[in-house]
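Structure record follows, encoded as structure tokens.
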Amino acid sequence: MDWGGRGESVMGDPRPPRAEGDTLPAMDSDEELLRRLRAGDERGFVDLVERHNGAMLRLALSFVPSRAVAEEVVQDTWLAALRGLGAFEGRSSLKTWLFTILVNRARTTGVREARSVPIADAGPVVDASRFGPDGGWAVPPEHWIEEAENRIDAVKLSELLRVLLDTLPARQREVVLLRDVEELTSADVCEVLAISEANQRVLLHRGRARLRQALESELGGAPR
Amino acid sequence: MRIRFPRLRARSRQPELVCQQVVELVTDYLEGALSDADRQRFDRHLAGCPHCTEYLAQMRETIRLAGRVAPEDLTPAMRTDLTDLYRRWQAEG
């Protein structure tokens, strides 16, 4: 692996060592990389790609059915970003701006509509059978936090989360991805996906609840 | 024959939340989207309900775990493709 997540650049970088005084890519802000990019520095672009491409690919995969199409969408997005560089004013973060372009591109491929027919998902987020007639827990949440924090290898846990995220309905996944994985603000999520605050909150609620349930099923104790 | 109970709470505050309602309000609670009155009802419920407290803790843990899912690495092929793309863009003038 050449780079870890969350902006830390690690081992195996095939590029030549940097000149002295040059900062590591992880240390440069997006603003600094943009400045270098605007000054015609190819390395500035590659560093931006290193930082954001993985997240963009993951988001694209949420919209289109195949990896090949997702990679195309991501490449289109980078090209659109380069061409629109002059128009980027820094009102939103660079990441939010890139995601907004990406979602527009992904949606215009029109593939998703064919793939996912909207499914009414309006029931309670926790199965009604888990509550008694008085609305209190009859089958309370099984404990699993300790399991997740102490007994499971972080890499395995991360892999599990990745798999579980994929099982969410697309619209819930997009919101959870942007909000909880990419850690955008709710305002930015609304902007990227062009949805209302209320809609965002409903999708987030359903997505998180499903994810929690899936974690409980995977990691929880006694069988129900 | 139906027995009607007197409405003991009719003039006091809103009825307390039950667990099944609490789980539906968790996101609004975490997002700070509840009214003051509802947030207080939520907190009052939590104070007396270990299961809902656990549920809320699991929700926070779910969010925390999601935040640790790293994006996949940039493959050499992608890096090459994107470097080419950059050079084509530069050539556009």
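FYI, it's all coordinate maths here, none of it is from the lab. Bear in mind that the values here come from a model prediction, so they are computed numbers and not experimental data. Every residue, glycine as well, gets a Cβ built from its backbone with ideal geometry; the counts of neighbours run over all protein chains shown.
Some values worked out for this structure:
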item: Averaged over A:137-143, number of beta-carbon atoms from partner chains that fall within 10 Å; result: 5
item: A:Asp166-A:Asp127 pseudo-label distance in nm [points 7 Å out on the Cα-to-Cβ vector]; result: 2.4 nm
item: Where labels lie 7 Å past Cα in the beta-carbon direction, separation of B:Ala33 and B:Arg88 in nm; result: 4.1 nm
item: Residue order, fewest to most surrounding Cβ atoms within 10 angstrom, among A:Met56, B:Met59, B:Met78; result: B:Met78, B:Met59, A:Met56
item: Per-residue Cβ neighbour rank within 10 angstrom, fewest leading, B:Tyr55, B:Tyr29; result: B:Tyr29, B:Tyr55
item: Integer Hz, Karplus 6.51/-1.76/1.60 couplings in order for region A:179-184, x for Gly and Pro; result: 7, 9, 8, 8, 6, 6
item: Ranking of B:Cys19, B:Cys52 by count of other Cβ atoms within 10 Å, fewest first; result: B:Cys19, B:Cys52
item: Options A:Ala148, A:Leu219, A:Asn199, ranked by Cα towards positive dipole end of region A:124-224, top entry (Cβ charges); result: A:Asn199
